[in-house]
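Undergrad: Please see the structure below; I have some questions.
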Amino acid sequence: MAYREVRRMDIDQVMRRWLAGEGIRSIGRATGLDRNTVRRIVRLAEKAGVQRETPWPDQGKLQAIREGMGRPGAPVSPSEAEQQLKPRTDQIRVWLDKDHLLLTKVHELLGREGLVVSYSALYRFAQKWCDFGTASSITVRRAESLAGEMAEADFGRLGPLQELGSGRRRVVYGFILTLGYSRLNCVIPVFQQDLPRVIDCFERALEFLGGCPRRIVVDGMKACIDHSDPYTPRFNRTFLEYATYRGFLPDPARPVHAKDKPVVENNVRYVRERFFKGETFIDLDDVARRALIWCREVAGRRIHGTTRRVPWEVFEAEEQSLLIPLQGERFDTPTWAQCKVHPDHHIRFGKALYSLPTRWIRRQVDVRADRSLVRIYARGELIKTHERKPPGGRSTDYRDYPEERTPYALRWPDHYRQRARELGPAAGDFTDRLLTGEFPWSRLRQAQKLLRLAERYGAARLDAACRRALEFDLQDVYRVQRILERGLEAESEPQPVVGQQSTLELKFLRPAQHFLSAEGDEDADPA
């Protein structure tokens, strides 16, 4: 005789009839149960303290009777699906335990090999024969987010990749952004997780979605968070600037708390197992291109296990229109740094030099640089803006120098010529001669020294000294200085009187015939 399950209502009927005074045979005929089953229920009732012809027992006694009945019976024959899966037990164990594949991936691989069973049958088989699944801790289910309200972002390790033409394998990480309402994913593969690449991943993901959610839960990304703390985390200035630019609120998850971002955390393994593992890619660009197709056509078209809806359809119908529209161009990721202003009025940033006014010398300033501009701040106030220069370049605003040093910094010869001309005509002529030539800038320091001599000895004496130097064709500032030190600027060179013969006796004067040779005299014509 086949086993018949004793239902709860059967136990209740037996109890009602037994309390009413009916016998075992009568109860068996009325309920269709075997008399031994009826006797067992009665014995359990008496053991629980229930007496005949008494009021209906409380729930505690009834529950004891129901638990005592249990479910005895003969072993059930295995199902057809279990019989088909039994020869593949070892392979399924390897996939689950050694390769750490998802059960959905195992179901897909079995289907490729021609073994078609339902996923629920495979799940029951894995639990029974492969020790699949463990008891989870007690938790609660959080409230679902509204459409367009929230997304979660995280990085997950996808696996090694050797690009075509490369001699080494590199680890690929996947940036995963998952919308909390529709559960639509976007996957961006990268090799590194520095701040510019993280922001680029956000930009590409938001372009894929066509908008931005109002709040994004961010895992403890070192590139985005300066100080990771469960209670007072601190984002860096660049990422906060990006969040302000796109209009979303960054919400940091606690370190080592996967339950703070369960939506994206559950997708990391799904992306790795269902998209990356077992596939062949050309390079990282090929991974990125196929990842977006997979997000749209495979992951986005499946029936989600929690919502039981198709993510892409829910996104298009209910969520996409509620996202914050993307305005403006792509975010130009800036770089922040602290620099010291050196005595030459410049800071060094990005291997280039940028000038600042004199009052900021030896002060610490904050520098923000993007692709085109360098902005310099002091205590949060913008004090200078420069055009971005390449490494080795220099951006100098000569108005930052003191007024008396600007001409030398600009190498202005005309400025010194004009100032010397104001001291006197001879000083002006001397400076003109001094600063002539192909490279007048090499004598600017001498021109400066000449002007300082006027401050020490006076403009009149300097002009006279320059006049005397010009008379002797001297173009040396040190000679002018010696003239002033010795007081020779007032003396003048004696000039010879025109028409007056010299009275000096010429001791070694010879007549012209003295220089005639003897041979010349013999050959001469006597006439």
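Undergrad: Which condition from (1) of a type in the set (Lys, Arg); (2) farther than 29 Å from residue 297 by Cβ; (3) crowded, with 17+ Cβ neighbours inside 10 Å is the one that residue 254 breaks?
TA: Result: residue 254 fails condition (3) only.
Undergrad: Restricting attention to the stretch 335-376, which residues are within 27 Å of the chain's Cα centre (by Cα), more than 15 Å from residue 387 (Cβ to Cβ) and part of a loop (DSSP other than H, G, I, E, B)? Reasoning before the result, please.
TA: Filtering the stretch 335-376 for residues within 27 Å of the chain's Cα centre (by Cα) gives 335-340, 347-354, 364-376.
With the extra rule that they be more than 15 Å from residue 387 (Cβ to Cβ), the set shrinks to 335-340, 348, 351, 364-366.
351 - this is the single residue of the stretch 335-376 that is within 27 Å of the chain's Cα centre (by Cα), more than 15 Å from residue 387 (Cβ to Cβ) and part of a loop (DSSP other than H, G, I, E, B).
Undergrad: Output yes when any residue across the stretch 337-356 is in contact with a helix residue (DSSP H, G or I) (Cβ under 9 Å, 6 or more places away or on another chain), hydroxyl-bearing (Ser, Thr, Tyr), surrounded by 14 or more Cβ atoms within 10 Å (Cβ to Cβ) and outside the structural domain of residue 196 (by TED's automatic domain parsing), and no when none is.
TA: Looking for residues that are in contact with a helix residue (DSSP H, G or I) (Cβ under 9 Å, 6 or more places away or on another chain), hydroxyl-bearing (Ser, Thr, Tyr), surrounded by 14 or more Cβ atoms within 10 Å (Cβ to Cβ) and outside the structural domain of residue 196 (by TED's automatic domain parsing), one finds at least one in the stretch 337-356, hence yes.
Undergrad: Here's something else I'd like to know. Could you give every pair whose Cβ atoms fall below 8 Å, whose first residue belongs to the stretch 79-100 and is in contact (Cβ under 8 Å) with a residue 12 or more places away in the chain, and whose second residue is polar (S, T, N, Q), counting only separations of at least 6 or pairs across chains?
TA: Qualifying pairs under 8 Å: 81/118.
Undergrad: Of (1) assigned by TED's automatic domain parsing to the domain that holds residue 262; (2) modelled with pLDDT under 85, residue 200 satisfies all except one. Which?
TA: (2)
Undergrad: Of the residues that make up the stretch 280-301, is at least one among the aliphatic types (A, V, I, L, M), in contact with a His (Cβ under 8 Å, 6 or more places away or on another chain) and either outside the structural domain of residue 112 (by TED's automatic domain parsing) or at pLDDT below 90 (or both)? Don't jump to the end; show me each part of the working.
TA: Within the stretch 280-301, the first condition is being among the aliphatic types (A, V, I, L, M), and the residues that meet it are 282, 284, 287-288, 291-293, 298-299.
When the remaining residues are screened for being in contact with a His (Cβ under 8 Å, 6 or more places away or on another chain), the result is none.
Among the residues of the stretch 280-301, not one is among the aliphatic types (A, V, I, L, M), in contact with a His (Cβ under 8 Å, 6 or more places away or on another chain) and either outside the structural domain of residue 112 (by TED's automatic domain parsing) or at pLDDT below 90 (or both), which makes the answer no.
Undergrad: So which residues in the stretch 110-131 are farther than 18 Å from residue 83 by Cα and among the aliphatic types (A, V, I, L, M), if there are any at all? Show your work before the answer.
TA: Of the residues in the stretch 110-131, the ones farther than 18 Å from residue 83 by Cα are 112.
Within the stretch 110-131, none qualify.
Undergrad: I'm trying to understand the selection: among the residues of the stretch 388-430, which are at pLDDT 80 or above and assigned to a loop (DSSP other than H, G, I, E, B)?
TA: 388, 389, 390, 391, 392, 393, 396, 397, 424
Undergrad: While we're on this one: Among the residues in the stretch 191-207, are any outside any loop (DSSP other than H, G, I, E, B), among the charged types (D, E, K, R) and in contact with an Asp or Glu (Cβ under 6 Å, 6 or more places away or on another chain)? Let's see the steps before the verdict.
TA: Looking only at the stretch 191-207, we keep the residues that are outside any loop (DSSP other than H, G, I, E, B), and these are 195-207.
Adding the requirement that they be among the charged types (D, E, K, R) leaves 197, 200, 203-204, 207.
With in contact with an Asp or Glu (Cβ under 6 Å, 6 or more places away or on another chain) added as a condition, the list becomes none.
No; the residues of the stretch 191-207 include none that is outside any loop (DSSP other than H, G, I, E, B), among the charged types (D, E, K, R) and in contact with an Asp or Glu (Cβ under 6 Å, 6 or more places away or on another chain).
Undergrad: To continue, here is another question. Select from the stretch 13-29 the residues that are in contact with a helix residue (DSSP H, G or I) (Cβ under 8 Å, 6 or more places away or on another chain), in contact (Cβ under 8 Å) with a residue 12 or more places away in the chain, within 21 Å of residue 55 (Cβ to Cβ) and not basic (Lys, Arg) and list them in ascending order. Don't jump to the end; show me each part of the working.
TA: To start, the set of residues in the stretch 13-29 that are in contact with a helix residue (DSSP H, G or I) (Cβ under 8 Å, 6 or more places away or on another chain) comprises 13-15, 17-18, 22, 24-28.
Filter once more, so that each one left must be in contact (Cβ under 8 Å) with a residue 12 or more places away in the chain: 13-15, 17-18, 24, 27.
Pick out the ones that are also within 21 Å of residue 55 (Cβ to Cβ) and you get 13-15, 17-18, 27.
Of everything in the stretch 13-29, those that are in contact with a helix residue (DSSP H, G or I) (Cβ under 8 Å, 6 or more places away or on another chain), in contact (Cβ under 8 Å) with a residue 12 or more places away in the chain, within 21 Å of residue 55 (Cβ to Cβ) and not basic (Lys, Arg) turn out to be 13, 14, 15, 18, 27.
Undergrad: Kindly indicate whether residue 226 is modelled with pLDDT under 85 and either in contact with a strand residue (DSSP E or B) (Cβ under 6 Å, 6 or more places away or on another chain) or more than 14 Å from residue 152 (Cβ to Cβ) (or both).
TA: Values: modelled with pLDDT under 85: yes; either in contact with a strand residue (DSSP E or B) (Cβ under 6 Å, 6 or more places away or on another chain) or more than 14 Å from residue 152 (Cβ to Cβ) (or both): yes.
Yes; evaluated as a whole, the condition is true for this residue.
Undergrad: Please pick out the residue among 323, 284 that is farther than 22 Å from residue 217 by Cα and surrounded by 14 or more Cβ atoms within 10 Å (Cβ to Cβ).
TA: Every option except 284 fails the conditions.
Undergrad: Continuing with the same structure: Take the stretch 1-42 and flag every residue that is in a loop (DSSP other than H, G, I, E, B) and of a type in the set (Lys, Arg).
TA: The initial filter retains those residues of the stretch 1-42 that are in a loop (DSSP other than H, G, I, E, B), namely 1-7, 20-23, 32-34.
Across the stretch 1-42, the qualifying residues are 4, 7.
The values are calculated or read from the model by the stated rules, or taken from the named source; none is laboratory data. Just so we're clear, the structure is a prediction, and the values are computed from it rather than from any experiment. Ideal geometry is used to build each Cβ from the backbone, glycine not excepted, and the neighbour counts take in all protein chains shown.
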